[in-house]
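In what follows, a single structure is set out as structure tokens and then discussed.
Every number in this text was worked out from the coordinates using simple rules, so none of it is lab data. Keep in mind that what you see is a predicted model, and the values were worked out from it rather than measured. All Cβ positions, even for glycine, are placed from backbone atoms using ideal geometry, and neighbour counts span all protein chains on display.
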Amino acid sequence: MYYAGYGYIDTDVAVFETASQRDNWVNEWSASDRMALSEGDVLFILDGSPDKAIRQRDDFNDSITWLINPVNRSL
């Protein structure tokens, strides 16, 4: 798996099957900075429990499954 997110600590985590899918998403124009994330980054962002994160398919890009950051669950 390959991971990406936005340039802030409470980002949700985008999960991709391939590095090229991730890199294409990271390099697309966006109003917010996008960046590749390591597995260590994902563990930190998701409080060490990515397996317990809520998973959500992206409405517009079927290559992305989002792992919802615990701080964003109530938003």
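Annotation for the chain: chymotrypsin sites (Phe, Trp or Tyr not before Pro) lying in DSSP loop with at most 15 further Cβ atoms inside 10 Å of their Cβ are Tyr8, Trp29, Phe60.
Compute the length gained on full extension between Thr18 and Asp59: take 0.36 nm times their separation in residues and subtract their Cα-Cα distance, giving the result in nm to one decimal. Before the final figure, lay out the partial values.
On the way: separation 41, 0.36 × 41 = 14.76 nm, distance 1.89 nm.
Gain on extension, Thr18 to Asp59, equals 12.9 nm.
Across segment 2-70, Cα pairs under 8 Å and at least six residues apart give a relative contact order of 36 percent.
Label-to-label distance, Ser38 versus Asp51, with points set 7 angstrom from Cα along the beta-carbon direction: 2.2 nm. Ranking Gly48, Met1, Asn61 by Cα position along the charge dipole of the chain, where only Lys, Arg, Asp and Glu carry charges on their C-beta atoms, puts Gly48 farthest toward the positive end. Assuming charge only on the beta carbon of Lys and Arg (+1) and of Asp and Glu (-1), the dipole of the chain about its Cα centre is about 160 debye to the nearest 20. Using a ≥ b ≥ c from the Cα gyration tensor of segment 2-70 (square roots of the eigenvalues), is it rounded, prolate or oblate, where a/c under 1.5 gives rounded and otherwise the larger of a/b and b/c decides, a/b for prolate? Cα axes put segment 2-70 in the prolate bin.
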